[in-house]
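Colleague: One structure, pasted below without further comment.
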Number of protein chains: 2
Amino acid sequence: MAMITQIPGGVCAAKGFRASGIHCGIRKNRTKRDVALIVSDLPAAAAAVYTQNLVKGAPIAVTRRHIADGYARAIICNSGNANTCNANGEEVAEEMCRMTAETLGLDAADIIVASTGVIGQPLNLEPIQSGLPALAAGLGYGEENGTFAAEAIMTTDTQRKEIAVEFTLGGKTCRMGGIAKGSGMIHPNMATMLVFVTTDAAISPELLQKALSADVTDSFNMVSVDGDTSTNDMLSILANGMAGNAPVTCADSEDFATFRKALATVTHDLCRRIAADGEGATKLLTCTASGAKDKACARTVAKSIICSSLLKAAMFGADANWGRVLCAIGYSGADVDVTRVDVDFRSAAGTVSVCRGGAGIPFSEEIAKTVLSEKEIEILVGLNAGEAEATAWGCDLTYDYVKINGDYRT
Amino acid sequence: MAMITQIPGGVCAAKGFRASGIHCGIRKNRTKRDVALIVSDLPAAAAAVYTQNLVKGAPIAVTRRHIADGYARAIICNSGNANTCNANGEEVAEEMCRMTAETLGLDAADIIVASTGVIGQPLNLEPIQSGLPALAAGLGYGEENGTFAAEAIMTTDTQRKEIAVEFTLGGKTCRMGGIAKGSGMIHPNMATMLVFVTTDAAISPELLQKALSADVTDSFNMVSVDGDTSTNDMLSILANGMAGNAPVTCADSEDFATFRKALATVTHDLCRRIAADGEGATKLLTCTASGAKDKACARTVAKSIICSSLLKAAMFGADANWGRVLCAIGYSGADVDVTRVDVDFRSAAGTVSVCRGGAGIPFSEEIAKTVLSEKEIEILVGLNAGEAEATAWGCDLTYDYVKINGDYRT
């Protein structure tokens, strides 16, 4: 079995990737970095998945065109304004690529562009235009350069989200790193919030896209903070081949399996981080539905539970209100025999079994309170109908979620 | 066009219906009535729609059996315990009917039974058993008797919900009245929370069911407080024929149309009340999607908007964050041309137009704040693709929703 080892760093962990992140002035807060730049030293195979929301941010249309040939060189991303629902959005996103390409001496058609923030306010490019020389000057291979990029894409996130791993393909050491931003409007559908992954592995654009598309089904599509699928979700990956491995070109190869495993390690870690840092969240909720008749059923059940406002509020209050778990299973649409459902809550403080065969069993409220007072809660659902299993990630619903979203624009 | 006139009262407005509601002791708070009883003087045609949640409260299975013959005489309903996910739930619900029938001198198979409250805790019938004599003694035809029943079915509701109307069928004056309880776990799917409607109109059980099933599509199925479809939703209606009209037996008749209109007047009013009194709500949100290519599209769009946690939080904060309206349209699944969407916010304080053709237009933030600071907000969406229209009702997402649901069971 291939070893995937976690290492320090983020998007600069892989060979030949430089990054930068500075405050250009899209946001008023001058201490907040608001534009990120990631550049590969060599042309990189590129793949992406996007939001399924019919309302799509203008950068998505532009990025889709720019990676249609399977390759890209750089990623430019601003926070503070989503460049969505603006009459001139695509022109602005194209111009953002043109400026970036000019500064870097690249072709505009090799730039991936992303924006995140408020919807429906024209994006003024002047701050980016005037900030680009400093942004380019700040490019570097260091771990801290990746961190600056990770910070620049944050919106209401309270924690930056980075991870890197090391693995071996054909005897060559490869690295992969990623950054992500949450933290509201999180309910991905065949895509996610913003996630950028870089790797020095050599892999064909076709297999890169295949790996990415397959990965999201069990990673970002299993995360929900608030049930709202963003207009600007994008997960993109650049693979520049600088690790020197023989390019991965066969879907049946062991190397492709290793690559997918490395990718899953990166994406699952970022999923946990996004959920744990959901707007207003005090707790990470991980729901695993096991014993399902098939994988789709397991996913539907786990996701429905993680999305229940009532359960999320109960978890905030450390209240073992397992009836809400049963309720969410019941309305999930999954074909489940509800009289066979078992439910346990588990955390670092222990496990409490609350439901067997669809009915309540006696448990200590005191122990339940202790279990549910931890920062990470597992909701374990046994469907007793088969062998399939799926995990979904979410967070509790808190006063701060309401506060943050009651007046987001000001 | 048939006239439907609102009159005072609730379930006792129609001829031959008595009601009662007292504190039996299911709930600890001795000032809270917790069991309601509604009795028809004559056998009544009966119809009901139920939750589509796979996890169903035990009373639903029992009620379904009891009205399978199209008739019933009485409704017994407790609050404080949902009798759901209990191993002996159906036995308990049957026993609740048996006790009630014995006290009233009726057949247990003519009793509709409902329970609402916490899921998964055994329902102790002793308080009901000992309270039944007083409950039956309290039965009366007066407006206040209906009010006691309306109060007894409340859980986290802060307002009781009653309405009554008068209309004419075949020259005879008929009356219809209803009561409802919200106010959390509200996201009906072919059914609703708990609603009981009584009428003295004469109508066949078949047409009564037909009217009810058709009505919910545009009434209770268009309400959402929190996206959680309850396990115990039930809307039931009793029609005892004591108005003396020639029985409505033909679906193509003018009388059936009048009956449906009266029913819609009652149900739409209760929908507004349920949404306005959603858990923690400070504002009633009414979203009307017009210009849709068909009714299903209009319903999907209006319901998606009303369900968005982000929009609900923005409305709490009186923040005209219309991008969230576009976002919710985009992920609704409805086939919509998002570049043609118009959005206005309207209230007693005026109207503010914020989006035309899918893009933002300049508006005064000051006026928008004034418009959105009212207690009732209309979100008007023009799809510019046809003639169909639908309305959905919801409420804002507030600190109090989190507070109420963070520790519901204690």
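Read-outs: derived from the displayed coordinates by stated rules, not from any lab. Computed from a predicted structure; not experimentally measured. Note that we place each Cβ from the backbone using ideal geometry, even for glycine, and neighbour counts take in every protein chain shown.
Colleague: Which residues make up the longest stretch of chain B that has no trypsin sites (Lys or Arg not before Pro) in a DSSP loop with at most 10 other Cβ atoms within 10 Å? Don't skip to the end; give the middle numbers.
Modeller: On the way: sites that count: B:LYS28, B:ARG30.
It works out to B:31-410.
Colleague: While we're on this one: Can you compute the modelled spin-label distance between B:LYS32 and A:THR370, with each label point 7 Å from Cα toward Cβ, in nm?
Modeller: In this crude spin-label approximation the distance works out to 3.0 nm.
Colleague: So, one more: Rounded to whole Hz and in sequence order, give me ³J(HN,Hα) for the range A:140-151 from the Karplus expression 6.51 cos²θ - 1.76 cosθ + 1.60, θ = phi - 60°, writing x for Gly and Pro.
Modeller: x, 8, x, 4, 5, 5, x, 4, 4, 5, 4, 6
Colleague: One decimal, nm, shortest first: give the distances between the label point of B:PRO43 and those of the same position in the other copies, each label point 7 Å from Cα along Cα→Cβ.
Modeller: Nearest first, the other copies' label points are 8.4 nm away.
Colleague: Further question: Evaluate peptide B:79-89: per residue, the Cβ atoms of other protein chains within 10 Å of its Cβ; return the mean as an integer.
Modeller: Numbers: counts 0, 0, 0, 2, 0, 7, 15, 3, 7, 1, 1.
Per residue, the average neighbour count from other chains is 3.
Colleague: Could you please state, rounded to a whole Å, how far the C-alpha centre of the range A:344-410 is from the C-alpha centre of the range A:197-213?
Modeller: Cα centroid to Cα centroid, the span is 35 Å.
Colleague: Here's something else I'd like to know. On average over all directions, what projected area in square nanometres does the protein assembly as shown have, based on the convex hull of its Cα atoms? Display every interim value, and only then the final one.
Modeller: Values: hull surface 135.0 nm².
So the Cα hull casts an average projection of 33.7 nm².
Colleague: List the lysines whose alpha-carbon lies under 28 Å from that of A:LYS293, not counting same-chain residues fewer than 8 positions away?
Modeller: A:LYS210, A:LYS261, A:LYS303, A:LYS312, B:LYS56
Colleague: Using the beta-carbon distance between A:TYR141 and A:ASP252 and R0 = 35 Å, what value does 1/(1 + (r/R0)^6) give for FRET efficiency, to the nearest 0.05?
Modeller: Numbers: r = 34 Å, r/R0 = 0.98.
Computed FRET efficiency for A:TYR141 and A:ASP252: 0.50.
Colleague: Counting pairwise Cα distances across chain A, what percent come out greater than 32 angstrom?
Modeller: 36
Colleague: Whole-Hz Karplus ³J(HN,Hα) for the range A:166-177, in order, using 6.51 cos²θ - 1.76 cosθ + 1.60 and θ = phi - 60°, x for Gly and Pro?
Modeller: Values, residue by residue: 10, 7, 10, 10, x, x, 9, 6, 10, 10, 9, x Hz.
Colleague: Shortest first and in nm with one decimal, please list how far the A:THR158 label point sits from its counterparts in the other copies (point 7 Å along Cα→Cβ).
Modeller: For A:THR158, the inter-copy label distances come out at 2.7 nm.
Colleague: I would also like to ask the following. Return the calculated 222 nm mean residue ellipticity for the protein assembly as shown, to the nearest 500 deg cm²/dmol, obtained by summing -39500 (n - 2.57) across DSSP H runs with n ≥ 4 and dividing by the residue count. Kindly include the intermediate steps, with their values, before the conclusion.
Modeller: On the way: 22 runs with 258 residues, N = 820.
Value at 222 nm, helices only, nearest 500: -9500 deg cm²/dmol.
Colleague: Running a GNM on chain B with Cα contacts under 10 Å, which residue among B:MET99, B:MET234, B:MET154 ends up with the highest mean-square fluctuation?
Modeller: Of B:MET99, B:MET234, B:MET154, the most mobile in the Gaussian network model is B:MET99.
Colleague: Defining the label point at 7 Å along Cα→Cβ, can you sort the distances from A:ARG65 to the same site in each other copy, shortest first, in nm?
Modeller: 6.6
Colleague: Which aspartates and glutamates, if any, have their Cα less than 20 Å from the Cα of A:LYS15, not counting same-chain residues under 8 positions apart?
Modeller: Output for A:LYS15: A:ASP41, A:ASP110, A:GLU143, A:GLU144, A:GLU162, A:GLU166, A:ASP200, A:ASP255.
Colleague: Pull up the DSSP beta bridges for chain B and report the antiparallel fraction as a percent, rounded to 5. Each step should come with its number before you reach the end.
Modeller: Numbers: 57 of 80 bridges.
Around 70 percent antiparallel, to the nearest 5.
Colleague: Rg to Rh ratio, the range A:284-406, alpha-carbon atoms and Kirkwood radius? Kindly include the intermediate steps, with their values, before the conclusion.
Modeller: Working: Rg = 13.7 Å, Rh = 14.2 Å.
We get a ratio of 0.96 for the range A:284-406.
Colleague: Still on this structure, please answer the following. May I ask you to derive the FRET efficiency for B:GLN6 and A:MET3 from their Cβ-Cβ distance with R0 = 60 Å, giving the value to the nearest 0.05?
Modeller: On the way: r = 73 Å, r/R0 = 1.22.
FRET efficiency, B:GLN6 to A:MET3: 0.25.
Colleague: Fewest to most neighbouring Cβ within 10 Å: what's the order for B:VAL371, A:VAL341? Walk me through the numbers on the way to the answer.
Modeller: Values: B:VAL371 23, A:VAL341 28.
Ranking B:VAL371, A:VAL341 by Cβ neighbours within 10 Å, fewest first, gives B:VAL371, A:VAL341.
Colleague: Report, ordered by chain and residue number, the aspartates and glutamates lying within cross-link reach of A:LYS161, taken as a straight Cα distance under 12 Å and ignoring same-chain residues fewer than 8 apart.
Modeller: Answer for A:LYS161, where 12 Å is the Cα cut-off: A:GLU151, A:ASP269, A:ASP277, listed by chain and number.
Colleague: So, one more: Taking beta carbons within 10 Å but only from partner chains, what does the mean come to for residues A:138-151?
Modeller: Details: counts 0, 0, 0, 0, 0, 0, 0, 0, 0, 0, 0, 0, 0, 0.
The mean count of partner-chain Cβ atoms within 10 Å per residue comes to 0.
Colleague: So, one more: What is the residue of chain A with the smallest Cβ distance to the axis taking A onto B, and what is that distance in whole Å?
Modeller: Residue and rounded Å distance to the axis: A:TYR399, 2.
Colleague: Residue-wise, which Karplus ³J(HN,Hα) couplings in Hz belong to the range B:222-231, taking 6.51 cos²θ - 1.76 cosθ + 1.60, θ = phi - 60°, and x for glycine or proline?
Modeller: With the stated coefficients, the range B:222-231 comes to 10, 10, 8, 9, 9, x, 9, 6, 5, 7 Hz.
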